[in-house]
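A.B. asks: Take this structure first; my questions come after.
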Amino acid sequence: WRATDLRLDSNTTSSFDSRKPQIAADGNSVYVVWHDARNGGSDIFLNRSLDAGTTWLPNDIRVNKGVAGITFAVDPQVAAVGTHALVVWQDRRNGSLDVFCNRTTTSGSSWSATDVRLDTTPTATTSIAPRIVLDGNLVGVVWQDHRNGTDAVYANWSLDLGATWLSSDRRLDTSAPGTTNATDPRIDIDGSSLYVAWTDDRNGAGDVYCNYSLDSGQSWAASDVRLDTDTPGSSASIAPRIVATADTAWVTWQDDRSGFSEIHANIPFGMLPYGDGTPGSGGFVPRMQGNGQATLTGIVSLDVVDALGGAPSAILIGFQPRSKISLSFLGGTLLVNPIASPQFPLFGTLDVPGAGNISIPIWLPTDPVFRGFNVNFQVVTVDAGSVFGWSMTNAVEMWIGD
């Protein structure tokens, strides 16, 4: 560490507090944001380094727009990738607290002339505690919102690194509006998947809930999922934190079910299709779907339809997220890097396009060491009617739970 720390705010009077710093970095670029009241009311300020913290701007930059010192802009959060950085905060310029965002595409040298309001309700309400994450061009922001009379979790997102946003935000907790309080939301993104967790009092004491989208926010689960598994509402589960990677998410929180505060966690399980199949005879594209509960000691099935009847086939089996690939091969796309590939014939009338089918049972292990284990599957079929002599299903990823 440096022998002497650095002061990053350039409030020369030193008569006002600079509070709640947040930091983000990508490569050698480091961005630090905070709020301070040097101009009267609170504003959002930023300093940045482009050489991994060796040097910084001599003067910090005010990020919120409009007249300085009158908007009560506080509690900033920052995310960064490449030359882009985005800052969100809560702001009282319209009378009640709203969520605003500004961004730079030039490593902090310049910022958008106008910041953007992300909560879209036309009526006065309280939108607070925003959180922001990004992955590639996908940016997600969540916050706590009181428009329905109680606190709820709302989100807005951008597909182009903050250049444009949804014209209407979206509520993510799925209890009846205005009946419960959903607070302290947290968000993370992996690829096109967004995961949001929060604390919710619908059952009494706080429980931890989650909602998710696997398609860059186009659709979300119709019902949110409770993650703490003791009696609903019987103890306080609070302060959730979430991280998403390798097509899944991990959530941890503070839990007092034992009478003392403990740290608990949960992970998702189940089966999801991914990728596209490769057409075979008659233009049929074989399809595979997972069915059953992917839990320890359980039995699930992989069900294949629309393949060539009676054709020789093999199932590609890969372990853990590193086995998920996308490799052009024999006119199609290999979606699994296999560690095993058992062979079998399909059912259905021999050589009839689209008639091939099979249901493959999978017995899951009993050892708890496999909790959270990932297995990926794809079926390939010998098919003389396809361009290169093979057809392929989509793939299915399975995460084992308990």
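The values are calculated or read from the model by the stated rules, or taken from the named source; none is laboratory data. Computed from a prediction, not measured in an experiment: that's the story for all the values here. Cβ sites come from the backbone with ideal geometry, for glycine too, and all protein chains shown count toward neighbours.
A.B. asks: Residue check, Ser234 against (1) among the polar types (S, T, N, Q); (2) in contact with a Gly (Cβ under 8 Å, 6 or more places away or on another chain); (3) surrounded by 17 or more Cβ atoms within 10 Å (Cβ to Cβ), all met but one. Which one?
C.D. replies: Of the numbered conditions (1) among the polar types (S, T, N, Q); (2) in contact with a Gly (Cβ under 8 Å, 6 or more places away or on another chain); (3) surrounded by 17 or more Cβ atoms within 10 Å (Cβ to Cβ), the odd one out for Ser234 is (3).
A.B. asks: A further question on this structure: Restricting to region 356-375, name every residue that is part of a loop (DSSP other than H, G, I, E, B) and buried (at least 18 other Cβ atoms within 10 Å of the Cβ). Spell out how you get there, then give the answer.
C.D. replies: Going residue by residue through region 356-375, those that are part of a loop (DSSP other than H, G, I, E, B) are 364-367, 371-373.
The answer is Leu364, Phe373.
A.B. asks: Of the residues that make up region 299-317, is at least one farther than 30 Å from Leu350 by Cβ and out of contact with any Cys (no Cβ under 9 Å at 6 or more places or on another chain)?
C.D. replies: Filtering region 299-317 for residues farther than 30 Å from Leu350 by Cβ gives none.
Scanning region 299-317, I find no residue that is farther than 30 Å from Leu350 by Cβ and out of contact with any Cys (no Cβ under 9 Å at 6 or more places or on another chain), so the answer is no.
A.B. asks: Taking the conditions exactly as written (closer than 26 Å to Gly385 by Cβ and touching a Leu at 6+ places or on another chain (Cβ under 8 Å)), does Ile315 satisfy them or not? Before you say what the answer is, go through the steps one by one.
C.D. replies: On the way: closer than 26 Å to Gly385 by Cβ: yes; touching a Leu at 6+ places or on another chain (Cβ under 8 Å): yes.
When the stated conditions are applied, Ile315 passes them.
A.B. asks: When you look at Ala129, is it under 28 Å from Arg48 (Cβ atoms) and either in a strand (DSSP E or B) or in contact with a helix residue (DSSP H, G or I) (Cβ under 6 Å, 6 or more places away or on another chain) (or both), yes or no?
C.D. replies: On the way: under 28 Å from Arg48 (Cβ atoms): yes; either in a strand (DSSP E or B) or in contact with a helix residue (DSSP H, G or I) (Cβ under 6 Å, 6 or more places away or on another chain) (or both): yes.
Yes.
A.B. asks: Does region 295-353 hold any residues that are part of a strand (DSSP E or B), of a type in the set (D, E, K, R) and out of contact with any Lys or Arg (no Cβ under 7 Å at 6 or more places or on another chain), and which are they?
C.D. replies: At the first step, the residues of region 295-353 found to be part of a strand (DSSP E or B) are 295, 299-307, 312-319, 324-329, 332-336, 340, 343-345, 347.
Still in the list and also of a type in the set (D, E, K, R): 303, 306, 324.
Of everything in region 295-353, those that are part of a strand (DSSP E or B), of a type in the set (D, E, K, R) and out of contact with any Lys or Arg (no Cβ under 7 Å at 6 or more places or on another chain) turn out to be Asp303, Lys324.
A.B. asks: Among the residues of region 311-326, is any more than 22 Å from Ile339 (Cα to Cα) and either among the basic types (Lys, Arg) or crowded, with 17+ Cβ neighbours inside 10 Å (or both)?
C.D. replies: First pass over region 311-326, keeping only residues more than 22 Å from Ile339 (Cα to Cα): 311.
So of that shortlist, the ones also either among the basic types (Lys, Arg) or crowded, with 17+ Cβ neighbours inside 10 Å (or both) come out as 311.
Yes, because at least one residue in region 311-326 is more than 22 Å from Ile339 (Cα to Cα) and either among the basic types (Lys, Arg) or crowded, with 17+ Cβ neighbours inside 10 Å (or both).
A.B. asks: While we're on this one: I'd like the full set of residues that are at pLDDT 95 or above and among the small types (Gly, Ala, Ser), limited to region 12-41.
C.D. replies: Scanning region 12-41 gives Ala24, Ala25, Gly27, Ser29.
A.B. asks: Is it the case that some residue within region 244-265 is touching a Ser or Thr at 6+ places or on another chain (Cβ under 6 Å) and not in a strand (DSSP E or B)?
C.D. replies: yes
A.B. asks: All but one of (1) among the hydroxyl-bearing types (Ser, Thr, Tyr); (2) farther than 20 Å from Ser18 by Cβ; (3) surrounded by 21 or more Cβ atoms within 10 Å (Cβ to Cβ) hold for Ser112; which doesn't?
C.D. replies: The one condition Ser112 does not meet is (3).
A quick yes/no check of all residues on (1) in contact with a strand residue (DSSP E or B) (Cβ under 8 Å, 6 or more places away or on another chain); (2) outside the structural domain of Gly108 (by TED's automatic domain parsing); (3) within 14 Å of Gln77 (Cβ to Cβ):
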{"residue": "Thr12", "(1), (2), (3)": "no, yes, no"}
{"residue": "Ile23", "(1), (2), (3)": "yes, no, yes"}
{"residue": "Asp26", "(1), (2), (3)": "yes, no, no"}
{"residue": "Val30", "(1), (2), (3)": "yes, no, no"}
{"residue": "Val33", "(1), (2), (3)": "yes, no, yes"}
{"residue": "Asp36", "(1), (2), (3)": "yes, no, no"}
{"residue": "Gly41", "(1), (2), (3)": "no, no, no"}
{"residue": "Arg48", "(1), (2), (3)": "yes, no, no"}
{"residue": "Asp51", "(1), (2), (3)": "no, no, no"}
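A.B. asks: For region 325-337, check the following and say yes or no: at least one residue is touching a Leu at 6+ places or on another chain (Cβ under 9 Å), over 28 Å from Ile189 (Cα atoms) and either modelled with pLDDT under 95 or of a type in the set (Val, Ile, Thr) (or both). Even if it seems obvious, please write down each step before you answer.
C.D. replies: Step one: list which residues in region 325-337 are touching a Leu at 6+ places or on another chain (Cβ under 9 Å), which gives 325-328, 333-337.
Those still in the list that are over 28 Å from Ile189 (Cα atoms) too: none.
For region 325-337, residues touching a Leu at 6+ places or on another chain (Cβ under 9 Å), over 28 Å from Ile189 (Cα atoms) and either modelled with pLDDT under 95 or of a type in the set (Val, Ile, Thr) (or both): absent.
A.B. asks: Out of region 91-107, which residues are surrounded by fewer than 23 Cβ atoms within 10 Å (Cβ to Cβ) and either over 16 Å from Ile44 (Cβ atoms) or not charged (D, E, K, R) (or both)? Lay out the reasoning, then the answer.
C.D. replies: First, pick out the residues of region 91-107 that are surrounded by fewer than 23 Cβ atoms within 10 Å (Cβ to Cβ): 92-96, 103-107.
Once the filter is applied, which keeps residues that are surrounded by fewer than 23 Cβ atoms within 10 Å (Cβ to Cβ) and either over 16 Å from Ile44 (Cβ atoms) or not charged (D, E, K, R) (or both), region 91-107 yields Asn94, Gly95, Ser96, Thr104, Thr105, Thr106, Ser107.
A.B. asks: Here's another thing I want to ask about it. Return only the number of the condition from (1) β-branched (Val, Ile, Thr); (2) more than 24 Å from Val243 (Cβ to Cβ); (3) in contact with a strand residue (DSSP E or B) (Cβ under 7 Å, 6 or more places away or on another chain) that Val196 does not satisfy.
C.D. replies: The single condition Val196 does not satisfy is (2).
A.B. asks: A further question on this structure: Please verify whether Ser216 is more than 24 Å from Gly178 (Cβ to Cβ), in contact with a Gly (Cβ under 9 Å, 6 or more places away or on another chain) and not charged (D, E, K, R), treating the condition exactly as stated. Break it down into steps so the answer makes sense when it comes.
C.D. replies: Working: more than 24 Å from Gly178 (Cβ to Cβ): yes; in contact with a Gly (Cβ under 9 Å, 6 or more places away or on another chain): yes; not charged (D, E, K, R): yes.
The answer is yes for Ser216.
A.B. asks: If you take the residues in region 18-44 that are charged (D, E, K, R) and under 21 Å from Leu97 (Cα atoms), which one is surrounded by the most Cβ atoms within 10 Å (Cβ to Cβ)? Talk me through it step by step, then tell me what you get.
C.D. replies: Step one: list which residues in region 18-44 are charged (D, E, K, R), which gives 19-20, 26, 36, 38, 43.
Filter once more, so that each one left must be under 21 Å from Leu97 (Cα atoms): 19-20, 36, 38, 43.
On the way: Arg19: 13, Lys20: 15, Asp36: 19, Arg38: 22, Asp43: 27.
By that ranking, first place goes to Asp43.
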